[in-house]
């Protein structure tokens, strides 16, 4: 792909963890790979008192620790560091935004800060609206500027905490920017393995004919984390697993698995098909939530032989919190392709293994020949898309064991990105930052897409807020509560990787 035109990246929340762990390391890796224009700049905007030099020193440490391309050697780092600036202000101070405008105008005049601007909201969600208001008041946005110089904004998740607040934020952003200038980011969509879902489906003729209710028994999506809230207790306790993971990451994965082929790879053609999936999700009525949705919270336990505290013992978490750290739910898609095929979704913190995967479970072959005694019953075919870690694809199928008899056993054929291409895929933020700088919104979510996802979750969230049912618990280091196992066992199915030990 061609490099984007010169631009200035302005990061609001530059002293935060996202900037240090992801954003600046991603920009540095792109710079070292030669994927950025010769002229670009990064301005960090935050409330803490720093100089340009102290900001550069902090970012060098971040790059050394977290960047894909490292170490930051003297010459290359010096060229990169010269492009880093720091601007101190609160997010509600009009004078701070006016001085930002002056800084950018001066840099645009002397060529050190290109006039096209990419604003990144890496702040806590409550600051999204004030920053957009101040950008507009300071006349830092140019909705009519096309094609150059341009103004664009990247908004981190969560986009609201329910349907009403998502609509408010979308209306605010739409009032300041044109829709094609707004990039609502979900970093899962930047992962190579997520992008590969469409390639696997629509660039290989062997999959599409069987990608439907006639051949697929069910689909599972699991996003498991070993970590706890990692110092984000105040934010997480307001969000929980439903808002933090299901509304965005998991529903995005579901859309890519279930969508119809778009007419082209143009951003709106792809996103149109994803919206159709979200609108076709079978609503879970409030009176069915208790049967089809399992919520739970981790207690103290052991991860990797290390004792870890329970959720209520984490910093900034109330000792009577009823926020879920685990969710499992069952849903269906009411369209021709997927009618009757259940989708089982599962996510949680403090689980035994870090894992994000999609497993497509095909229907069993007829109970004749090899799927009848003395050979059967056999395990059905399973296609697994590993998002992280060990990114790749595996396919389980049946083979004859060598020897005089007719022994049959399942075998897994495996493709791994690192093994096949000699290196791990680039970080998701690298791809997404580059796409936003190019103006390509394919891997970003549109306003109606966000609102359709919240609409699906609305009755679940309402029930959770009003239910007096005691929240189940699970020890850290386990795969969640027994209710999550029962959710899938009662349909005669197993979570992928589970060994059948029940009648």
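What follows is calculated from the coordinates using simple rules that are stated; it is not laboratory data. No experiment lies behind these values; they were computed from the predicted model shown. Please note: Cβ atoms are built from the backbone with ideal geometry, for glycine as well, and neighbour counts cover all protein chains shown.
Here are the numbers for this structure:
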quantity: Whole-number percent relative contact order across segment 242-377, with pairs defined as alpha carbons under 8 Å at least 6 apart; calculated: 18 percent
quantity: Extension gain (nm, one decimal) between residue 105 and residue 61, 0.36 nm per residue minus Cα-Cα; calculated: 12.9 nm
quantity: Fraction in percent of alpha-carbon pairs per bin - 20 Å, the chain; calculated: 21, 53, 23, 3, 0
quantity: Distance from segment 162-213 to segment 216-270 (C-alpha centre basis), Å; calculated: 10 Å
quantity: Highest average packing first - 260-268, 25-33, Cβ atoms within 10 Å; calculated: 25-33, 260-268
quantity: Span from the segment 275-340 Cα centroid across to the segment 95-120 one, whole angstrom; calculated: 43 Å
quantity: Gyration tensor (alpha-carbon) shape descriptor, segment 411-464, a/c threshold 1.5; calculated: oblate
quantity: The chain: angle of helix 94-110 to the longest principal axis, Cα-based, in degrees nearest 10; calculated: 80 degrees
quantity: Rounded tilt (10° steps) of 428-438 against the dominant C-alpha axis of the chain; calculated: 50 degrees
quantity: Sequence of 271, 490 once ranked by neighbouring C-beta atoms within 10 Å, starting from the fewest; calculated: 490, 271
quantity: DSSP-defined antiparallel bridges as percent of all bridges, the chain, nearest 5; calculated: 55 percent
quantity: Once the Cα gyration tensor of segment 104-213 is diagonalised, semi-axes √(5λ) in Å; calculated: 34, 20, 12
quantity: Calculated [θ] (222 nm, deg cm²/dmol) that DSSP helices of n ≥ 4 give over the chain, each run adding -39,500 (n - 2.57); calculated: -10000 deg cm²/dmol
quantity: Estimated Rh, segment 342-455: Kirkwood, alpha-carbon pairs, angstrom; calculated: 18.2 Å
quantity: For segment 7-156, the fraction of alpha-carbon pairs in successive 5 Å shells from zero, as %; calculated: 2, 10, 20, 24, 21, 15, 7, 2, 0
quantity: Mean separation of Cα contacts under 8 Å, 6 or more apart, over the residue count of segment 348-458: relative contact order %; calculated: 16 percent
quantity: Helix 447-466 vs. the chain, principal-axis angle (Cα, 0 to 90°, nearest 10); calculated: 60 degrees
quantity: Relative contact order, percent, the chain [alpha-carbon distance under 8 Å, six or more residues apart]; calculated: 17 percent
quantity: Cα radius of gyration and Dmax for segment 99-143 (Å); calculated: 11.6, 35
quantity: Ranked by how many other beta carbons lie within 10 Å on average, peptides 108-115, 73-80 from highest; calculated: 108-115, 73-80
